[in-house]
Amino acid sequence: MGIIEYHEGCNVRPEGCFGPWDNFYTIFGSELRFLTWHIGISIILGLILFGILFFLKKKWKLKLPIYLSAIISVIVAILFFFIFAFLFGIRVQY
């Protein structure tokens with residue numbers, strides 16, 4: 001099981017194939033279309049972190065440029081997505 005893998009769907013060899021018809025990607029063995037809650041929660045956590053960093057900048061407690069706060073929030077959201085996909089993977093039985 002790799003981190004990100006590419007799989008061919010049933011359109012290549014349709015005889016006796018059960019599963020998605022089109023080609024698809026998996027992250028830690030879970031199809032991307034089943035990880036929508038993971039990405040949604042990760043985006044919300046990234047926005048919360050950005051809000052916290054922006055609030056601290058307004059109160060003169062943190063001296064970060066706004067673009068650096070945005071970059072940090074995006075990186076944290078991506079890391080949360082991969083952590084959630086690893087810990088709370090979704091297995092589909094066709």
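Derivation of every value follows stated rules applied to the coordinates shown; laboratory data play no part. Quantities reported herein were computed from a predicted structural model and do not represent experimental measurements. All Cβ positions, glycine included, derive from the backbone under ideal geometry; neighbour counts span all protein chains shown.
Could you work out how much longer the chain between ILE39 and LEU87 gets when fully extended? Use 0.36 nm per residue separation minus the Cα distance between them, nm to one decimal.
Full extension of this stretch gives 15.9 nm more.
Please give the FRET efficiency for ILE72 paired with HIS7, using the beta carbon to beta carbon distance and R0 = 30 Å, rounded to the nearest 0.05.
0.35
Taking amide H positions as placed in the peptide plane 1.01 Å from N, state which residues far from CYS10 in sequence (5 or more) or on other chains have amide H under 5 Å from it.
Placed amide hydrogens put TRP21, ASP22 under 5 Å from CYS10.
What are the ³J(HN,Hα) couplings of the range 27-38, residue after residue, when phi is run through the Karplus curve with 6.51, -1.76, 1.60 and θ = phi - 60°? Round to Hz, x for glycine and proline.
In residue order, the calculated couplings are 10, 6, x, 9, 5, 4, 5, 9, 9, 5, 5, 4 Hz.
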